[in-house]
Structures are given as C-alpha cells and as structure tokens.
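**Student:** I have a structure I would like to understand better, so I am pasting it below and will then ask my questions one at a time.
The values are calculated or read from the model by the stated rules, or taken from the named source; none is laboratory data. Keep in mind that this is a model prediction, so the values were computed, not measured. Glycine gets a Cβ as well: all are built from the backbone with ideal geometry, and neighbour counts include every protein chain shown.
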Amino acid sequence: MKKKLTNMFVFLIILSLIFTLSGCSASNSSNSNKEPSSSQSQNQATNYPTKPIQVYVGYAAGGATDIATRMMAPYLEKQLGQPIVVINKPGSGAEIAYVATAKANSDGYTLGVINSPTVLAIPLSRKAQYKLSDFAIIGNLAFDENVIIIKPNGKYKDLEDLVQKAKENPDTITMGVAGLYADDHLAGLALQQAAGVKFRYPVFQGGAQLSAAVMGGQIDAALCNGADVMSIVQEGKLVVAATMGNEENPNLPGAPTLKSKGYDIVMGSYRALVVPANTPPEILDKLRAALKKAAEDPDYIAKNEKTKQPILYLSPEDFSKVLKTDEEKLGKLWKTLGLPSKK
C-alpha cells in the first residue's frame with residue numbers, strides 16, 4: 001500500500017513538471033511570434049544597416065538598367081557600410097521585380113529599381129500585381145533615351161530604308177523590344193503610327209539579348225536604350241539608325257534623331273531606386289542621403305563619363321514630378337494609339 005502511494009506521488013510530480021514546462025514553451029513561442037516593439041523598431045532604424053542590402057532589377061544582366069545599378073552599387077556601399085547585392089529578376093516586362101520589391105519586408109534590406117514610363121504603362125495595359133503607391137522613392141539614377149539599332153552592312157541601310165521596307169512589307173519586319181508597353185515598345189508604336197507602317201515586336205529580357213539577336217540576324221532591328229549598345233556601336237558591330245532624344249546624342253555621333261527625320265517622338269527610360277512604401281522614415285532618410293552623396297562622388301561621375309553612361313540624379317521630389325508628367329503623356333499616347341487597356 002505504501003509503495004503504491006509513493007508511485008502515485010512520483011507520477012503526480014512528473015505530471016506537474018510536464019504541464020509547467022509546456023506552459024513555459026507556449027509562452028516563449030507566443031513571445032517569439034510577436035511583432036518587434038516600438039523600441040526594438042527604433043533601435044533597428046537607428047543601427048541600420050547591419051547586414052547586406054539586396055537590389056532587385058527587372059531585366060537581365062548586361063542590360064542598361066543592370067549596368068546603371070551595378071555602377072552605383074559600390075558607391076552606395078561606401079556610404080552605407082554594407083554590401084549591395086544586385087539580383088536580376090527579369091520577366092513580364094520587369095513586373096516580376098516590381099512585385100517582389102513591393103511585397104518585400106519594409107526593413108530597408110530590399111530595394112528595387114523602377115523604370116519610367118514602364119512602371120506606369122504596365123498597370124494601364126493589364127491588371128498589374130502592384131500599384132505605384134506601393135513604392136517610396138529613394139532617388140533617380142539615370143535617364144537613357146531610346147535608340148533603333150540595325151546590323152551594319154545588313155538588309156537595311158538606315159532609318160529611311162527600314163521604314164520604306166516596312167511600308168512595302170506590312171507586319172513582317174521584326175523590331176525587338178525588352179517588354180510589351182515598356183518605353184522601347186511604346187516608342188515603336190508611336191513611330192509606326194507616325195510613319196504609317198506596322199512592325200512585329202518579339203520580346204527579349206534586356207538590351208544584351210536584343211543586341212545579340214540583331215547581330216545574329218534573328219531579328220531585323222531592335223528598340224532599346226542608348227546605354228545598352230554604346231560600346232557595341234563604338235566597336236562597329238551595330239549601327240544606330242535613330243535616337244529618340246531632343247538633340248543628337250554626343251556619345252553617338254552621326255546618329256540622327258527621329259525629330260530630324262520628321263517624327264516628333266521623344267522617348268527614354270528613367271531608372272530610380274525605391275523601397276516598399278511602408279519603410280520606416282528613419283531608414284528611408286538614410287537611404288536617400290546615402291544615394292545623394294554617392295551620386296555626387298567625383299569618382300562615380302568620372303567612371304560613368306568614361307563609360308558614357310547617362311547618369312542623372314534626381315531627388316524624390318523631382319522624380320515624383322517626372323512620374324506625374326509621364327503619367328499624363330502616357331494617358332494621351334494610349335488614347336491616340338488606341339492601345340488595349342485593362343478597363
């Protein structure tokens with residue numbers, strides 16, 4: 001009888017310990033799942049950054065947006081004291097990268113590059129998985145005008161020849177682009193309306209692929225950005241049939257503007273760094289200050305001038321004005337060209 005009582009007493013003690021430990025574990029688990037307190041968030045913002053920062057780019061490596069981002073990366077590292085890791089997420093005309101940026105943690109460790117007018121055109125043409133309000137602007141990196149490239153000693157001598165052949169053979173000449181309703185595609189649509197022709201638009205993942213396709217004879221011509229092809233043109237492997245700036249590009253001497261050929265078309269791509277919209281103000285301010293200082297670094301400016309990169313720093317306020325202007329221009333273009341709309 002005494003032995004039974006002893007065994008029962010031991011069993012009750014063990015059972016009590018099990019319940020106590022289970023309660024502690026549940027309490028710890030509950031605490032671990034809680035959001036950081038306001039004091040913890042403040043400390044994170046004050047100490048930011050404490051680890052590498054990633055930047056999403058919506059085009060393949062080697063393209064103009066990728067190059068502009070990688071040219072800036074070491075100077076941003078210098079200001080922030082942490083590595084900047086560029087991650088290419090090409091596809092869907094850059095929408096994949098835009099969505100990934102918009103949905104990233106708002107802790108300042110995921111940045112993205114948005115391109116205007118592309119970031120505005122995607123929601124106009126289809127039901128996009130992001131909104132412009134999903135982003136907070138850090139600052140603009142560059143403005144890069146569009147160009148039309150052809151193969152030297154190929155089927156087309158110049159812009160006039162390309163347009164004439166397009167008139168004689170409607171909907172047969174291929175004009176490669178980096179995304180439907182991106183700046184290059186919109187420029188092509190504007191040209192075909194102004195010239196009374198129709199092109200076909202195979203889509204590639206960036207300027208490097210477009211250049212290779214033209215050189216390899218896979219497509220007749222391509223619309224891309226000047227920085228995509230600067231070095232290849234200088235090597236004589238491609239010819240710029242036309243540029244789409246207001247004036248002749250000094251880095252592409254001899255290349256005519258569309259305006260000089262009678263087409264009132266100006267088109268290009270802005271490239272800006274952004275973070276998710278609800279990023280803490282303290283972190284956003286640090287990033288903005290770091291980018292401004294990096295953009296003013298004499299070594300950064302000299303390296304971009306040497307490689308003929310079209311850098312253009314714009315503050316968040318100035319880039320917001322660009323977005324507003326581009327939005328108005330796109331609305332008119334959509335109506336004029338009768339482009340498909342999600343509505």
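**Student:** Do you know which residues across segment 60-85 are surrounded by fewer than 18 Cβ atoms within 10 Å (Cβ to Cβ) and not in a helix (DSSP H, G or I)?
**Tutor:** Matches in segment 60-85: Ala61, Gly62, Gly81, Gln82, Pro83, Val85.
**Student:** Starting from residues that are modelled with pLDDT of 90 or more and of a type in the set (Gly, Ala, Ser), keep the ones in segment 216-233 and report whichever is nearest to Gly254 (Cα to Cα).
**Tutor:** Gly226
**Student:** Considering segment 203-234 alone, what residues qualify as being assigned to a loop (DSSP other than H, G, I, E, B) and either more than 10 Å from Val177 (Cα to Cα) or touching a helix residue (DSSP H, G or I) at 6+ places or on another chain (Cβ under 8 Å) (or both)?
**Tutor:** Selection gives Phe204, Gly206, Gly216, Gly217, Gln218, Ile219, Asp220.
**Student:** So, in segment 87-118, exactly how many residues are over 16 Å from Gln205 (Cβ atoms), touching a residue at least 60 places away in the same chain (Cβ under 8 Å) and among the β-branched types (Val, Ile, Thr)?
**Tutor:** Total meeting the criteria: 3.
**Student:** Sticking with this one: Do we find a residue being crowded, with 22+ Cβ neighbours inside 10 Å and aliphatic (A, V, I, L, M) anywhere in segment 122-131?
**Tutor:** yes
**Student:** Does Ser106 count as touching a Ser or Thr at 6+ places or on another chain (Cβ under 9 Å), surrounded by fewer than 18 Cβ atoms within 10 Å (Cβ to Cβ) and either in the same structural domain as Asp228 (by TED's automatic domain parsing) or of a type in the set (Gly, Ala, Ser) (or both)?
**Tutor:** yes
**Student:** Answer with yes or no whether Asn31 is exposed (fewer than 15 other Cβ atoms within 10 Å of the Cβ) and either within 24 Å of Gln129 (Cα to Cα) or modelled with pLDDT of 85 or more (or both).
**Tutor:** Taking the combined requirement at face value, the residue does not satisfy it.
**Student:** Any idea which of Ala182, Ala136, Ala213 is within 18 Å of Gly226 (Cα to Cα) and either out of contact with any Ser or Thr (no Cβ under 9 Å at 6 or more places or on another chain) or at pLDDT 95 or above (or both)?
**Tutor:** Every option except Ala213 fails the conditions.
**Student:** Give the residue, chosen from Val233, Val229, that is touching a residue at least 24 places away in the same chain (Cβ under 8 Å), over 30 Å from Thr101 (Cα atoms) and touching a Leu at 6+ places or on another chain (Cβ under 9 Å).
**Tutor:** Val233
**Student:** Restricting to segment 285-307, and then to whatever is of a type outside the set (A, V, I, L, M) and buried (at least 16 other Cβ atoms within 10 Å of the Cβ), can you tell me which residue is farthest from the chain's Cα centre (by Cα)?
**Tutor:** Asp297
**Student:** Hey, another quick one. Tell me which residues, restricted to segment 295-321, are farther than 20 Å from Met230 by Cα and modelled with pLDDT under 95.
**Tutor:** none
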